[in-house]
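Here's the structure, in structure tokens; my notes come after.
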Amino acid sequence: MFLRYREYTVNADFKNELYYLSLVRLDHTVFQVCHLWEAAEINSNLQLQYFLFFFSLLFSSFLHPLPPSSGSQGQFPLTQNVTVVEGGTANLTCRVDQNDNTSLQWSNPAQQTLYFDDKKALRDNRIELVRASWHELSISVSDVSLSDEGQYTCSLFTMPVKTSKAFLTVLDVKYFKEEDSVRKTFTVSSTLDFLADRSDDGAVVSCRVDHESLNSTPQIAMQVLEIHYTPLVKIISSNSWPEEGQSIILTCESKGKPVPEPVLWTKDGGELPDPERMVVNGRVLSISFLNKTDNGTYRCEAKNPIGRNSTEYVLIVHDPNALAGQTGPDHALIGGIVAVVVFVTLCSIILLGRYLARHKGTYLTNEAKGAEDAPDADTAIINAEGSQVNAEEKKEYFI
């Protein structure tokens with residue numbers, strides 16, 4: 001019963017100079033996935049404590065089996081990205097609105113477990129537990145450095161395991177202090193370095209200076225970021241089902257900084273084959289009187305001083321007559337069904353009529369029984385009268 005109900009596996013894996021121990025149950029619960037100790041600092045007493053703790057979990061879960069989670073479908077961990085200055089403290093919070101006693105875990109960018117519920121897995125004095133409950137697991141990383149930057153993962157051990165990512169951005173701020181020869185004035189410079197992308201374009205960065213001579217009114221300088229990036233290209237079609245004889249307009253949307261140059265339209269890797277029907281006006285390509293020869297792949301390319309980008313649109317011109325023919329089988333199918341219904345109805349009427357006629361003919365046959373084989377009319381009458389005499393013995397009464 002024990003083996004069929006659940007399964008426990010112990011894995012000792014030497015990776016990144018850390019040992020791992022995992023406990024997996026078939027009832028959709030994962031007890032422990034954590035780093036036990038650093039290989040360089042193995043302590044026999046610590047080994048014994050961890051193994052006793054592990055086997056106590058194993059034994060207790062055998063005595064008190066847990067049913068599978070019924071509300072795991074509605075559970076999902078929620079996290080937020082964090083930005084911190086180098087040397088500061090980063091707070092990572094993972095919350096679950098609905099949780100039926102399912103474990104939470106934080107892992108670093110190297111997929112090393114930091115905390116499993118309220119149990120610390122990685123021996124790093126900078127990492128501390130802030131709060132641990134069924135609905136929240138919050139940890140803090142103090143004295144952060146650029147090496148701590150990356151994607152941290154919060155895992156909720158349902159079946160399957162659900163995860164949420166939080167990106168930790170570390171700002172490298174450098175200070176420089178300069179004083180004059182008489183040590184009466186000082187110049188302090190601060191430099192902020194970080195990786196920027198197109199989403200940072202237009203963001204406002206502020207620098208605040210506090211000094212006792214400012215009478216508690218700090219001076220703030222602001223700078224709007226201007227990030228240059230390669231164009232983003234997208235093609236929009238005016239007709240989702242183009243047919244022969246119709247027109248179509250393809251619009252190439254390109255967004256970049258600096259502003260992209262006029263776009264370049266091509267078809268199947270070459271120039272547009274019919275300039276009279278295929279007219280380019282800025283970012284718009286118009287094709288009139290579509291036919292099957294217009295089928296192909298149309299490419300729009302945009303570039304600026306930063307780089308270039310392109311996208312494609314596959315044009316398929318449909319035959320309206322073929323489209324109408326596709327609806328024919330549907331009408332034929334309906335007609336066939338109606339014909340079958342009519343045929344079955346007629347057959348039923350015929351069978352019912354024959355059944356009624358057969359019962360009515362029985363009485364007529366009984367009345368004239370013996371007269372059919374008579375050689376002449378007189379004999380037939382005599383035979384018929386004899387039949388009537390016999391019929392009197394078996395009278396039938398109709399109501």
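Scan region 101-128 for residues that are open to solvent by 60 Å² or more (accessible area, probe 1.4 Å) and either modelled with pLDDT under 90 or over 22 Å from residue 161 (Cα atoms) (or both) and report the count.
5
Just to be sure before I move on: is residue 290 at pLDDT 95 or above and part of a loop (DSSP other than H, G, I, E, B) in the structure I sent?
yes
One residue is enough: does region 238-257 have a residue meeting the conditions within 30 Å of residue 200 (Cβ to Cβ) and over 34 Å from the mean Cα position of the chain (by Cα)?
No, region 238-257 contains no residue that is within 30 Å of residue 200 (Cβ to Cβ) and over 34 Å from the mean Cα position of the chain (by Cα).
In region 168-182, is there at least one residue being modelled with pLDDT of 90 or more and either open to solvent by less than 60 Å² (accessible area, probe 1.4 Å) or not hydroxyl-bearing (Ser, Thr, Tyr) (or both)?
Yes - at least one qualifying residue is present in region 168-182.
For residue 258, all conditions in the list (1) within 30 Å of residue 191 (Cβ to Cβ); (2) without any contact (Cβ under 8 Å) to a residue 24 or more places away in the chain hold save one; what is the number of the exception?
Every condition holds for residue 258 apart from (2).
Which residues, counting only those in region 207-223, are under 27 Å from residue 258 (Cβ atoms) and open to solvent by 90 Å² or more (accessible area, probe 1.4 Å)?
222, 223
Mind counting the residues in region 271-315 that are without any contact (Cβ under 8 Å) to a residue 40 or more places away in the chain and surrounded by fewer than 12 Cβ atoms within 10 Å (Cβ to Cβ)?
7
Checking the condition open to solvent by 40 Å² or more (accessible area, probe 1.4 Å) and under 30 Å from residue 298 (Cα atoms), which residue from 197, 201 passes?
Just a single option satisfies the conditions, and that option is 197.
So in region 178-194, with the set limited to residues that are touching a residue at least 12 places away in the same chain (Cβ under 8 Å) and out of contact with any Cys (no Cβ under 9 Å at 6 or more places or on another chain), which one is nearest to residue 154 (Cα to Cα)?
The qualifying residue nearest to residue 154 (Cα to Cα) is 194.
Do we find that residue 227 is open to solvent by 80 Å² or more (accessible area, probe 1.4 Å), of a type in the set (A, V, I, L, M) and under 30 Å from residue 195 (Cα atoms) in this structure?
Spelling it out, it is not the case that residue 227 is open to solvent by 80 Å² or more (accessible area, probe 1.4 Å), of a type in the set (A, V, I, L, M) and under 30 Å from residue 195 (Cα atoms).
Select from region 316-335 the residues that are open to solvent by 60 Å² or more (accessible area, probe 1.4 Å) and within 30 Å of residue 252 (Cα to Cα) and write down the one among them that is modelled with the lowest pLDDT.
Per the criteria, the residue is 323.
I want to confirm something. Restricting to region 237-262 and keeping residues that are at pLDDT 95 or above and hydrophobic (A, V, I, L, M, F, W, C), which single residue is surrounded by the most Cβ atoms within 10 Å (Cβ to Cβ)?
252
The values are calculated or read from the model by the stated rules, or taken from the named source; none is laboratory data. Everything numeric in this text was worked out from a predicted model, so none of it was measured. Cβ atoms come from the backbone with ideal geometry, glycine included; neighbour counts cover every protein chain shown. Just so you know, the surface numbers come from the protein's heavy atoms only, side chains and all, with ligands and any DNA or RNA stripped out. Shrake-Rupley method; radii C 1.70, N 1.55, O 1.52, S 1.80 Å.
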